[in-house]
Amino acid sequence: MFKILIVSHGNLAEAMLNSAEMICGAQEDVVAIGLQPEQSPEELGQIIADVCDRWSRDDVMVFTDLFSGTPSNVVARVLDGKGFQHISGVNLALLIEALMCRDSMSALETAGELISMAGETIVDVNLILQGS
């Protein structure tokens, strides 16, 4: 089972994890970290580094909320050379899929699966309702 780290602006990571657990049940080895307005990128980096140091010998997938945002940039810097999988642009559907795959697939295999299905997680409901 791979471990999961979710990093976001504000409380999004924690809220996503809480929502995913409503659907998938309580999760072990999943950490949610949010960059708060009073925190510096360096402080966030230290928190991420502490988690990653504990997990240095484990299979790990890291999700961030927004590519090129501070959480994503800090994760990329901290994880450089560690071999962890990092996907930016996470949404609840992708997180749930990762939680469901982590017992049977590696982080690398799951990352490929998530990237291939990412476009399917955003749907124009109006088109569906119109029958188009």
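No value in this document is a laboratory result; all are computed from the given coordinates. Keep in mind that what you see is a predicted model, and the values were worked out from it rather than measured. A quick note on method: Cβ atoms are made from the backbone with ideal geometry, for glycine too, and the neighbour counts reach across all protein chains shown.
Data table
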read-out	value
Label point distance in nm, Leu92-Ile23, each placed 7 Å from Cα along Cα→Cβ	0.7
Fluctuation leader among Ile47, Ile33, Ile96 - the chain, Gaussian network, Cα springs under 10 angstrom	Ile47
Choice from Gln39, Gln27, Gln85 showing the highest fluctuation, given a GNM over the chain with Cα pairs closer than 10 Å	Gln39
Longest segment of the chain lacking GluC sites (Glu not before Pro) that sit in a DSSP loop with at most 15 other Cβ atoms within 10 Å	39-132
Exposure proxy ranking, count of Cβ atoms within 10 Å, fewest first, for Ile4, Ile122	Ile122, Ile4
In order through segment 9-21: 3J(HN,Hα) via Karplus (6.51 cos²θ - 1.76 cosθ + 1.60), integer Hz, x for Gly, Pro	6, x, 9, 4, 4, 5, 5, 5, 4, 4, 5, 4, 5
Residue-averaged 222 nm ellipticity for the chain, from DSSP H runs of 4+ at -39500 (n - 2.57), nearest 500	-14500 deg cm²/dmol
Lys3, Lys82 arranged by Cβ crowding within 10 Å, fewest neighbours leading	Lys82, Lys3
Neighbourhood charge, 15 Å Cβ-Cβ cut-off, centred on Ile6 and excluding it, Lys, Arg +1 and Asp, Glu -1	-4
Cut-off 17 Å (backbone N to label point 7 Å along Cα→Cβ of Met117), residues of segment 75-103	87-103
Structure-derived mean projected area of the Cα convex hull in nm²: which label, when the choices are (i) 18.7; (ii) 6.6; (iii) 8.9	(iii)
Estimated FRET transfer efficiency (Ser68, Ile128; beta-carbon r; R0 35 Å; 0.05)	0.65
Nitroxide proxy distance, nm - points 7 Å out along Cα→Cβ at Ala76 and Met100	3.0
